[in-house]
1. Along the Cα→Cβ direction, 7 angstrom out, place labels at THR215 and GLU153. What is the inter-label distance in nm?
2. So, for region 94-133, what is the accessible surface per residue at a probe of 1.4 Å, expressed in square angstrom?
3. With every protein chain kept in place and ligands, DNA and RNA left out, what is the accessible area per residue of region 155-255? Probe 1.4 Å, answer in Å².
4. Suppose each label sits 7 Å from its Cα in the direction of the beta carbon; what would the ILE202-ASN263 distance come out to in nanometres?
5. Quick one: check the C-alpha center-to-center distance for region 79-142 versus region 208-265, whole angstrom.
6. Given the peptides 140-147, 256-263, 272-279, arrange them by the average over their residues of other C-beta atoms within 10 Å, most packed first.
7. Using a 1.4 Å probe on the protein heavy atoms, what percent of the accessible area of region 150-226 belongs to carbon and sulfur?
8. Averaged per residue, what accessible surface does region 270-343 expose to a 1.4 Å probe, in Å²?
Amino acid sequence: MVNWVEAPKPLLYFLLRWAGLRQHTVDVDGAGTVISFWMPEGKVPKDDKATLRDVAPEAAAAANDRCSSKKKTTSSSTAKASGKERPAVVLVHGFAAEGVVTWQFQAGVLAKNYDVYVPDLLYFGGSTSPSTDRSPGFQAECMVAALRKLGVERCTVVGFSYGGMVSFKMAEFHPDLVGSLVVSGSVIAMTDSISETALERIGVKSSAELLLPETVKGLKALLSIATHRKIWFPDRIHRDYLKVMFNNRKERAELLEGLMVSNKDATVPVLPQKILLLWGANDNIFNIELAMTMKEQLGDNATLQSIGEAGHLVHLERPCVYNRRLEGFLAYVNNAENPKAIA
């Protein structure tokens, strides 16, 4: 029987390939930790073959044939031919979906002017590790190691929700790599007080109950909380989503446990990067008041922008507005670092 959540993926992959991106898996440590990326075709290491484990072979072949038959010159290959290095942007997903599903409305748009990298965090999509470390810090170190292996020397990291917490760690630990930061619907660290306040406000007992639903009712509750505009889907779609988007449940439950930081141990790092907090004004999980507090904690390098009529999934609910704000920030920080970086 057709899974109506999985069925559109070949089309999504085709559009990503049309935009000049290819899937590639990076061996992070030689010990079983691997991270899957969609990344610029021209940046894929020549001594390795791109890993297309998530694409049905016939769909991948068809996508290749169509792209080849058009003889389309991608913006990535054009930049390579002209000898220009384009700014790199890394899009780090949240907890409910893998990378390209989360950033499906951003990756192709940004690829016109930037080298876009869309990874799957560990235990999502094609990424995994034998390690027992489930902390955001471990995710951050693995992501940085993978990016360095791909030759990324400087980048802007865009993190959503859980991916925002990983992104903050990347910026804190590796300011030489992370030149600027964009975060939506997230926190610097998930402290006891932040967790308790958020769970009480949305009416659930635990993060796992909210973020790892096992029933159609639970998934409907998650989507209702995460969106401002209430969108109806038939139960069949919800059942199909549960089948394909919530695997590795044991490891993901441990990731949620690994997020928690006691109030007494929580600190706000001094980050040198320019930071944009790009928020849904109606976010019910991490509300705008929390974003305002975080902006004050981060200091003068941080800017807060809110997008009206959007909830936690702001990049999916209002992608055009989100993309304009994001592209404006990217142009600003990259022109500030290198006025000639963008043609």
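1. That separation, rounded to one decimal, is 5.6 nm.
2. Values: 1060 Å² over 40 residues.
Computed with neighbouring chains in place, this is 27 Å² per residue.
3. Working: 4380 Å² over 101 residues.
About 43 Å² of surface per residue is accessible.
4. Going by the 7 Å Cα→Cβ label model, 2.2 nm.
5. Using only Cα atoms, the two centres lie 21 Å from each other.
6. On the way: 140-147: 23.1, 256-263: 15.4, 272-279: 21.2.
Ranking, from highest mean packing down: 140-147, 272-279, 256-263.
7. Numbers: 1520 of 2860 Å².
Here carbon and sulfur together make up 53 percent of the probe-accessible area.
8. Details: 3500 Å² over 74 residues.
For region 270-343, the per-residue accessible area is 47 Å².
The values are calculated or read from the model by the stated rules, or taken from the named source; none is laboratory data. As the structure is a prediction and not an experimental result, all values here were calculated from the model. For neighbour counting, all protein chains shown are included, and Cβ atoms are generated from backbone atoms with ideal geometry for every residue, glycine included. These accessible areas exclude ligands, DNA and RNA; they are computed on the full protein's heavy atoms, side chains included. Shrake-Rupley method; radii C 1.70, N 1.55, O 1.52, S 1.80 Å.
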